[in-house]
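FYI, it's all coordinate maths here, none of it is from the lab. Computed from a prediction, not measured in an experiment: that's the story for all the values here. Please note: Cβ atoms are built from the backbone with ideal geometry, for glycine as well, and neighbour counts cover all protein chains shown.
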Amino acid sequence: MRNLTLPTPAVPTSLRSPVACAFVLALMGAGTASCGKPPEPPRPNVVLISIDTLRSDHLGCYGYRRNTSPEIDALAQQGALFEQHITSAPWTLPAHTAMFTSVPDSVHGVTSPIGHRLAEEFETLPESFQQAGYATAGFFAGPYLHPAFGLGQGFDRYVDCVNTVPDEAVDADNRWSMQDPVLRRSHHGVTNDKVYAQWKAFYEEAGTRAGKGDRPFFAFVHLWDVHFDFEPPAPYDTMFDPDYTGPFTGKDFFTDPAVNAAIPERDKQHIIALYDGEIRWTDGFVGKIKADLQQKGLLENTIFVITSDHGTELFDHGGKGHRTALYDEQIHIPLVVHFPRLVLPDQRYRNQTRMIDLGPTIRDLAGLAPVSTTMGESLAPLLRGDVGTLPSQPAISELYDVGRELRSMRTDTAKLVHAADSGEMSWFDLAADPGERERRKVRPGDRSRKLKEQYESLQAWLLQAIENRPAGPAEAHTPDAILRSLRANGYTGDDDEDDAKSGGGR
């Protein structure tokens with residue numbers, strides 16, 4: 001469309017005096033105010049909450065039988081819920097890297113805590129908002145979000161809330177080096193209150209500025225307590241199983257070999273009840289953040305997102321924990337988007353979506369330009385009502401561990417699993433077998449042939465993306481203290497082979 005310049009209307013001679021001119025200009029201004037375009041709405045704030053290790057099927061809004069998530073359920077009812085949202089990896093580091101970069105794990109390359117750091121050439125989600133003039137802050141309570149792995153890019157402040165001895169007066173690196181390492185302690189006790197206190201301090205300042213229209217904010221809030229160990233504070237420790245008198249407390253869920261699939265069903269159900277108690281405890285902090293936004297009148301103009309990095313196995317397939325397999329209990333995560341200004345209430349979307357779609361969606365809802373390096377697709381047209389539906393996208397999830405490379409391609413109705421080290425392929429019919437009990441062989445003449453062809457096409461897409469990526473993973477320069485603690489707690493993969501045999505995970 002050509003730009004047209006309209007001629008300026010002539011002003012009659014009788015109206016050329018200063019007073020007359022002022023009168024005409026006033027009339028023109030009044031006409032512009034009443035007939036022109038409405039003022040642009042203020043730029044939205046963003047609150048992205050990642051609840052570590054949260055399974056979607058343990059939330060009320062996803063059909064769970066227990067009342068674990070009244071606050072998240074209310075946000076889902078007032079906004080949008082994606083029923084089949086799939087993460088990129090069944091553990092924290094690569095999944096959050098995919099969340100921030102919107103590319104699959106094999107493309108960003110951060111698939112190990114040893115020697116891997118996100119390259120600065122990738123533009124992360126917080127960087128996009130920082131460049132757009134937003135105040136950016138992140139608050140994390142899990143060790144794999146440490147800035148040593150490159151996940152602090154784009155944050156004006158990035159606050160470490162990992163559980164430590166109270167008032168421990170040591171520097172950030174040395175906090176990882178004690179004989180009783182921070183990593184081990186980070187699995188005990190609670191951190192939600194510490195994360196919330198840091199959010200609150202940031203919000204009192206940033207929220208006040210945003211309320212005046214001065215500067216919007218982007219906040220990433222990582223809530224860790226749902227991750228094992230499962231030791232919720234009272235009354236959440238007995239909320240869902242008050243009559244239990246057995247020996248299991250939720251402590252050392254991963255490290256205690258006595259916690260395994262052979263224990264009595266009654267004990268398993270108690271451990272699951274403790275996991276659910278952690279969810280209910282954490283759900284309350286989601287409610288507190290929502291109340292903070294309401295108190296300053298910012299909820300209406302805030303893109304409020306609830307999601308997770310991965311799920312966890314609770315003896316579903318004879319194991320425990322995560323970072324062990326690509327079953328749905330480890331990769332099917334929640335996604336709730338609440339943004340009253342644009343998103344209609346009580347919207348549920350059945351089509352499958354991916355972790356890598358989250359960044360493009362948030363940017364689009366906020367009016368930011370897309371980033372050329374991202375590989376996900378924006379769901380904002382669906383949320384805004386611009387389109388009635390978006391096609392389901394096949395989701396790639398990846399697990400690199402102990403000399404093995406495991407990759408799955410999930411669709412709405414099926415999942416193909418490829419063990420790249422052995423070349424073995426198998427698949428599950430999710431429509432007929434949602435619990436993934438019957439592993440099927442890939443055969444030339446049946447439905448699995450098309451799955452295999454689709455997977456091979458995605459493989460080519462990934463290889464091309466790897467060739468064209470802005471950079472591979474940077475050298476981590478992870479402090480020795482952190483590496484020692486990672487190894488001491490089995491986080492580096494050194495002990496994963498034994499853990500996998502016993503059903504363990506991260």
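Quick notes on this structure:
- For peptides 411-420, 92-101, sequence by mean Cβ density within 10 Å, most packed first: 92-101, 411-420
- For the range 306-387, relative contact order (Cα pairs under 8 Å, six or more residues apart, normalised by length) works out to 23 percent.
- Less than 5 angstrom separates the built amide H of L335 from those of F82, all sequence-distant by 5 or more or on a different chain.
- Sites A261 and A234, calculated FRET efficiency, Cβ-Cβ separation with R0 25 Å, nearest 0.05: 0.30
- Phi angles across the range 49-62 convert, under the Karplus curve 6.51 cos²θ - 1.76 cosθ + 1.60 with θ = phi - 60°, into 3J(HN,Hα) values of 9, 10, 9, 4, 6, 8, 6, 5, 7, 10, 10, x, 5, 9 Hz, Gly and Pro given as x.
- Extension gain from R440 to D412, taking 0.36 nm per residue of separation minus the Cα-Cα distance: 8.4 nm
- Of interest is the spacing of the C-alpha centroids, which for the range 40-92 and the range 226-289 amounts to 20 Å.
- Among Y327, H338, F315 - extreme Cα towards positive end, dipole of the range 313-360, charges at beta-carbon: H338
- Separation in nanometres of the label points that stand 7 Å from Cα toward Cβ, at A471 and Q295: 4.0
- Residue-span extension gain [R65 to Q464] - 0.36 nm each, minus C-alpha spacing: 139.2 nm
- Label point distance in nm, Q131-T389, each placed 7 Å from Cα along Cα→Cβ: 3.6
- Label point distance in nm, K288-E121, each placed 7 Å from Cα along Cα→Cβ: 4.2
- For the residue pairs K415/K441; K194/K320; K200/K290; K415/K452; K200/K296, alpha carbon separations beyond 19 Å are given by K194/K320.
- By average C-beta atoms within 10 angstrom, highest first, the peptides 350-361, 431-442, 287-298: 350-361, 287-298, 431-442
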